[in-house]
Amino acid sequence: MKITPILLLIISFGLVSKAQDPWKIKADKIDPNNYYGVTVANGIIGIVSAPQPFKVKNVVLAGAYDTYGRGRVSNFLNGFNLLNMYIEIDGKRLDGQNTQAMQQELDMQHASFTTQLNYGSKATIKYTYYALRQLPFSVLMDVTITAKEDLKLTAASVMETPDALRDVENYYNEIDRPHVTLSLLTSTAKSPTGKLQLCASNSFLFTEQHGSEPKIIHEMWDNNSHLMKFNKTLKAGESYTYSVVGSTISSAQHADPLNEAERMTIFAKLEGHDRLIKFHNSAWDELWKSDIQIEGDPQAQQDVHSMLYHLTAFSRAGTSYSLSPMGLSGLGYNGHVFWDTDIWMFPALLVLHPDIAKSLIEYRFERLEAAKKNAFSHGFKGAMYPWESADTGVEETPVWALSGPFEHHISADVALAAWNYYAVTQDKIWLKEKGWPILSQTADFWASRVERNGPNQYDIKNVVAADEWAENVDNNAFTNAAAKLNLKNANLAAAILGIPLNKDWELVEKNIPVLKFPDGITKEHASYNGEGIKQADVNLLAYPLKTIVDKNQIEKDLAYYETRIPDEGTPAMTHAIFALLYARTGNGNKAYSYFKEAYQPNLNPPFRVIAETKGGTNPYFATGAGGVLQSVLMGFGGLDISPKGITQIPSVLPPNWKSIKITGVGVDGKTFINTNKK
C-alpha cells in the first residue's frame, strides 16, 4: 500500500500525542469507542489499560492455559482483575460520566501507566500502576487524591473473577502484628476444565506520613466479586496517597498457589512502597542499558522504544516461557507460540538481551520430547515441532487450519534460533547440553522428511509454505532452504563438540533443491506462477537464512516479490524484511519507505499500539514489532549474527537519520554506531 499524504496526515493527527518524547506516550483525548489498551508487563503478568476511570481491561498471566473457547485447543486465560477499584467522594461514585479531563501516559523507561482526571471542582485524582519487574508475580498501584474542597473519601479495591473461571472462593483475612495490620483480599478459582487453580491476593499499603492506618471494611458482593475499602476525610488543599499491592499466581507456577499468593502479597507489602519502586526502576534501568538511539527522527525513536519496551515487557530471563504473537497484551492467538517467536521476536532479544532469549529457547528445549513424539506419529524420525505450541508442547493448532499438520518449517526455525543463541553467546556447555539435542533431532527429522528421488532431487513435498496462502505445495523455497541450513548447522555444532560429521545430513543438505524461474528469480514453490502472496517467503532466504548472499540475486528477488504483496491483509513482518534487505543493499530511501509501511498503517490510538495488519484491531502484535526491530538492528544498524558472534556489516541509514547507536549488544554489552556520512 502506498502511504499517501492524506493517510500520513491522519496518522500524524490521530495518533501522535506529543510524540517527540522518546520515553513517554501520552493521550489527552480519550475516546472509549476508539481505544486500544496498552500493556504494562513484567514477563509474567500483563495489565492492559482501559478507557474507563479506575479500571483495567484485563490481566494476563503467562503460562496459564486451559481448553475452552474456540478450536478445542489450549487457550490463554484471563487472570484475576486485581487492580480495579472505585472511588466515592461525598457519597458519589466517580465514573466516566462525572469526571473530566482524563489523561493517560505510558512511561516506557520505567514501565508504568498513569491516569489523571478531575472530579468537577472537588478533587483531582491520579493513579499509576506497575507490574513489578523484580517481583514477577506482583503488581503495585499508587493513588493520590488532591482535594480542592473539603470532602469525604471512600476508596475501594475490588477483586473480580473473570467469567471463564469457576468454583470461586473468596477470603478476607487480617493478620495483626505490633507495627502493622495485614489486610488480605484473596480469591481463588478453577480454570474451565478444573486443570488449573488461579489465585490472587491484594492489600492496601499506606505511607507513614499519613499517620495511623484507616480501618479496612470488607464487603462481599457476589461469588465473582468482593472488595475492601476505607474512608478518609480530606481538607481543601490536602493530598492523600495510598497504594494497592497484590500478587497473582496459578498452579502452573506453584503447587500451592492460594497460600503463595498471600505470602507474596505480604512480602511485597512489607518491602514497603519506596523499596518496591526503587528495585522496579533499577531493574528497568538495567534493561535499558541495551537500547537503540536514533538521531534525526524523533517519531521513529519513540516508536522503536515502544517496540523494544513491549518485547522486553512480555518476556523475562530465568524462565522457560516463550512469546505468543500478542505477548501478554490479551488472549490473541490463544497465547500460543508459533514461528513468530523463533524467527521474528527472538533475534532482537538475542542481540540486546541474550539472557531473556535463553528463556525462549529453553521453552523449546523443554518440549523436545513432545516434538519427538510428534515426528513419530507422522512417520518421521527426530523432532518435529508443532506449528502452535502452548504449555505441553503438543500440537495446538485448531483442526480447521492446515498449518498444524503441514507447516513443517517451524522445526528448522527452532533449530535456527538454537544455533544463533550459541553463535551469540559462544556457550559450548549450553550447546552440548541443550543446543545439540535440538539441532541434531531436527536434522534427523529433515533427513527422514525428504523424499530421495535421485541426485540433487531430495524433495520436500506437501507443505504449507511460509507464505501461508500456498497450501500443500512441493519444494517451498523457505522450507527447503531452512531445512538445508538446519542440516548444515547441525554438522557445524557437531564439529565444535568433537562429534563425528553426519555424512547423511551432509548428503541430504546438498540435494534439497531451491527452485528458480528460467530468468533466475527464486521460485516460491514448484507450482508457483506469480500469484499474490500472504507474506515474505523467498526473500527470507537472503535474511535471516542468509543462503542467498549475491546482491544481484537479492535485488532481483526483491523486485519480483515486492509486487506480489497485497495492499491489505498481509502481516506487518513482510515490509520489515524488505526494509532490512534494502538497507543492506544500499537503498536508504526504499528501506525507509518499507520501514514506515511495516508498522505505521497498523497503529491504533491512542498509544500507537501495533496491530497485525493495516487497519487491524488486534494489538499488541509483538511479532510485527520484532520484525521492525530487526529492520533497525540488522538493517539500518548493520548488525549480523555470525558463527563467531555479533559483527557489523555495511548498511545504509534513511536519508533523514543522522545516526543510529545500539548499546548493550550481546553478552559483552558492546556498542555499535552507524552514521549518515555527508
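Just so you know, all these numbers are worked out from the coordinates, no wet-lab data involved. Predicted, not measured: the structure shown is a model, and the values here were computed from it. Here Cβ is always computed from backbone atoms with ideal geometry, including for glycine, and neighbour counts include all displayed protein chains.
Details
- Against the chain, whose longest principal axis comes from its Cα atoms, helix 588-597 is set at around 50 degrees.
- With the cut-off at under 20 Å, measuring from each backbone N in region 254-272 to a point 7 Å along the Cα-to-Cβ line of V180 picks out 259-272.
- Legend: distances between Cα atoms for K381/K428; K556/K590; K195/K432; K556/K596; pairs beyond 24 Å are K381/K428; K195/K432.
- Placing unit charges on the Cβ atoms of the charged side chains and taking the dipole of region 367-560 about its Cα centre, the candidate lying farthest along the positive direction among W419, P544, I496 is I496.
- Counted residue by residue at 0.36 nm each, then reduced by the alpha carbon distance between them, the extension gain from Q109 to W469 reaches 125.6 nm.
- Test item: Cα-centred dipole of region 367-560, Lys/Arg +1 and Asp/Glu -1 on Cβ, debye: 740
- Cleavage-rule hits, GluC sites (Glu not before Pro), region 126-229, DSSP coil, Cβ neighbours within 10 Å at most 12: none
- Pair N259, K29: separation of 7 Å Cα→Cβ label points (nm): 5.5
- Cβ charges +1 (Lys, Arg) and -1 (Asp, Glu), total dipole of the chain, debye: 1100
- Radius of gyration, Dmax [the chain; alpha carbons; angstrom]: 26.1, 89
- Under 12 Å of direct C-alpha separation, and excluding same-chain neighbours fewer than eight residues apart, K461 reaches these aspartates and glutamates: E407, E451, E471, D474.
- Over the residues of the chain, the helix contribution to mean residue ellipticity at 222 nm works out to -9000 deg cm²/dmol, using -39500 (n - 2.57) for each DSSP H run of at least 4.
- Ordering G237, T522, T617 by Cα displacement along the dipole of the chain toward the positive end leaves T522 in first place; charges were set at the Cβ atoms of Lys, Arg (+1) and Asp, Glu (-1).
- At full extension, W400 and K556 could sit 52.6 nm farther apart than now, given 0.36 nm per residue minus the alpha carbon distance.
- Student exercise, region 31-285 dipole from Lys, Arg, Asp, Glu Cβ charges, in Debye to nearest 20: 260
- Residue among Q104, H336, S324 farthest towards the positive dipole end of the chain, charges placed on Cβ: Q104
- Extension gain, L497 back to K461 (0.36 nm per residue minus Cα-Cα distance, nm): 9.7 nm
- Here, region 296-435 has an Rg and a Dmax of 15.7, 55 Å when only alpha carbons are counted.
- Förster radius 45 Å - calculated FRET efficiency between D274 and E568 (Cβ-Cβ, nearest 0.05): 0.35
- Placing a label point 7 Å from the Cα of S448 along the Cα-to-Cβ direction, the residues of region 378-400 with a backbone N closer than 20 Å are 378-388, 393-396.
- Listed pairs K510/K546; K546/K644; K126/K289; K55/K235 exceeding 18 Å between Cα atoms: K126/K289; K55/K235
- Computed from the C-beta positions of K289 and T675, the FRET efficiency with R₀ = 22 Å rounds to 0.55.
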